[in-house]
Amino acid sequence: MPSLKALRKRIATVRSTQQITKAMKMVAAAKLRRAQEAAERARPYAAKLSEMFRAVAAGVEPEAHPLLARRPERRIDLLVITSDRGLCGGYNANLLRFAEAYVRQREAAEIAVAVVGRRGVDYYRRRSATLLLHRLGILTTPATAMASELAAELTRRFAAEETDAVYLVYTRFRSALSQVPSAMPLLPVAPPATDVPPADYIFEPARPELLGRLLPRYVEAIITQALLEAIASEHGARMTAMDNATNNASDMIGRLTLSMNRARQATITKELMEIVSGAEALKG
């Protein structure tokens, strides 16, 4: 059994760790509130842009714009959005496992990866994957600025026929306790599926010219929404992980305190027995 000194030292260490995890949980909760509000505010814009795109694209042939062209998927680009930091539970592991399963479904194609987040970059570098580009600072760079850079490079590659399709893999935010790895096709651009007929607009300028301006913004809006969802998911996962770590520290402190009390009681009992034994020896 460990000594009393060792148990006291370990209890102090666990209590110090508990204070850190509790503080990190509070910080993550505050950041989560702002990130969730940003993701929710962006959804109406994305929905309205999708509605407009459906109306403009209705009746337009795929040859009208390079980003609409459909080709056999022999070369695929995968945009994976991870985090820069750890301490967020299984957030990155679940997403990367989902991405690997998604890639295995397309083994016949040549896969190249564009990654957001240091965790994803390290993961794919260890596996010698083909990295097209990587971006760090998902929490410090404005989502619109990062989405603009990513969209520009991915659309350029697709328009130049350097790739045949682009897919987006990210974590969709449901709640602080639930984040779902998701995948969606990004290029070629397809009108969002819905049962609602497209709104009837009078367009000025003509559809093909308007489509040329709208498509890059539509791709950028999809990536922006995915980045905001991923940021909210990361904060939610970190808050949950730190809450679990704080609770585990409390349980560990309780077990260590019980062991310390038992060790102290055993020491007291041993000393009493020695005193009694000594007294009996003196009597004899």
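The values are calculated or read from the model by the stated rules, or taken from the named source; none is laboratory data. It should be emphasised that the depicted structure is a prediction, and the values quoted were computed from it without experimental measurement. Glycine gets a Cβ as well: all are built from the backbone with ideal geometry, and neighbour counts include every protein chain shown. Protein only, heavy atoms only, side chains kept; ligands, DNA and RNA dropped before computing areas. Shrake-Rupley method; radii C 1.70, N 1.55, O 1.52, S 1.80 Å.
Worth a mention:
- Residue-level check: of (1) surrounded by fewer than 18 Cβ atoms within 10 Å (Cβ to Cβ); (2) closer than 26 Å to Arg41 by Cβ; (3) modelled with pLDDT of 85 or more; (4) not basic (Lys, Arg), Thr194 misses just (3).
- Of all residues in segment 75-89, those satisfying the criterion of being within 19 Å of Leu168 (Cβ to Cβ) and either of a type outside the set (Val, Ile, Thr) or free of Cβ contacts under 8 Å to residues at least 40 places away in the same chain (or both) are Arg75, Asp77, Leu78, Leu79, Ser83, Asp84.
- Any hit, segment 199-216, residues being at pLDDT 70 or above, surrounded by 13 or more Cβ atoms within 10 Å (Cβ to Cβ) and within 25 Å of the chain's Cα centre (by Cα): yes
- Scanning segment 2-19 for residues that are closer than 17 Å to Leu168 by Cβ and buried (at least 18 other Cβ atoms within 10 Å of the Cβ) turns up nothing.
- Residue count for segment 179-189, restricted to those that are within 21 Å of Gly120 (Cα to Cα), of a type in the set (A, V, I, L, M) and surrounded by 23 or more Cβ atoms within 10 Å (Cβ to Cβ): 1.
- Filter pass, Ala160 being over 15 Å from the mean Cα position of the chain (by Cα), farther than 16 Å from Met184 by Cα, open to solvent by 50 Å² or more (accessible area, probe 1.4 Å) and without any contact (Cβ under 8 Å) to a residue 60 or more places away in the chain: yes
- Boolean, Ala29 is open to solvent by less than 40 Å² (accessible area, probe 1.4 Å) and closer than 24 Å to Asp243 by Cα: yes
- Pairs where the first residue, in segment 31-47, is modelled with pLDDT under 85 and the second is aliphatic (A, V, I, L, M) and open to solvent by less than 90 Å² (accessible area, probe 1.4 Å), C-beta under 6 Å, 6+ apart: Ala46/Ala221
- Within the option set Thr163, Thr140, being of a type outside the set (A, V, I, L, M, F, W, C) and under 15 Å from Ala230 (Cβ atoms) holds for one residue only, Thr140.
- Residues of segment 78-112 satisfying the condition of being in a loop (DSSP other than H, G, I, E, B) and either closer than 25 Å to Gly236 by Cβ or under 10 Å from the mean Cα position of the chain (by Cα) (or both): Thr82, Ser83, Asp84, Arg85, Gly86, Leu87, Cys88, Gly89, Gly90
- Test: residue in segment 113-135 that is part of a helix (DSSP H, G or I), aromatic (Phe, Trp, Tyr), crowded, with 19+ Cβ neighbours inside 10 Å and touching an Asp or Glu at 6+ places or on another chain (Cβ under 8 Å): no
Yes/no per residue for (1) in contact with a helix residue (DSSP H, G or I) (Cβ under 6 Å, 6 or more places away or on another chain); (2) surrounded by 13 or more Cβ atoms within 10 Å (Cβ to Cβ); (3) among the hydrophobic types (A, V, I, L, M, F, W, C):
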residue	(1), (2), (3)
Ala55	no, yes, yes
Ala64	yes, yes, yes
Leu67	yes, yes, yes
Arg74	no, no, no
Leu79	no, yes, yes
Thr82	yes, yes, no
Cys88	yes, yes, yes
Leu96	yes, yes, yes
Val103	no, yes, yes
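- Ala176 being at pLDDT 90 or above and either surrounded by fewer than 20 Cβ atoms within 10 Å (Cβ to Cβ) or not basic (Lys, Arg) (or both): no
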